[in-house]
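The structure appears below as structure tokens.
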């Protein structure tokens, strides 16, 4: 059985079989439940821009299954704080870079600047 569930799906939207599978996993692996709860808390901190909750979350998450993620955040804490508190985002730029890389990969390495430019401009 494959769970059709991403990290944002709420329990109410799961099928009965998926709910039973999740319950069985949670019963046998409480550390996974804790990790999921911590991830949900981090997501909430970012969405609410609740910088004040970040330090407490870091302390709670440090000894968990997501400890390596916490260490990565701690190494670049100023950047994470800025991402949580500042209104700016580079998401649109990253989206365009990702699209360009996809087009270049589709061209099997033949994407010299002139060919890439012709392909991009023909799409407009």
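Summary of values
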| quantity | calculated |
| --- | --- |
| Single match in 65, 115, 54, 100 (criterion: surrounded by 11 or more Cβ atoms within 10 Å (Cβ to Cβ) and assigned to a loop (DSSP other than H, G, I, E, B)) | 65 |
| Residue in the range 74-86 that is closer than 19 Å to residue 37 by Cβ, assigned by TED's automatic domain parsing to the domain that holds residue 34, modelled with pLDDT of 90 or more and exposed (fewer than 11 other Cβ atoms within 10 Å of the Cβ) present | no |
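The values are calculated or read from the model by the stated rules, or taken from the named source; none is laboratory data. Everything numeric here is computed off the predicted structure, so don't read it as measured data. Because the Cβ atoms are built from the backbone with ideal geometry, glycine has one as well, and the counts that use them run over all protein chains shown.
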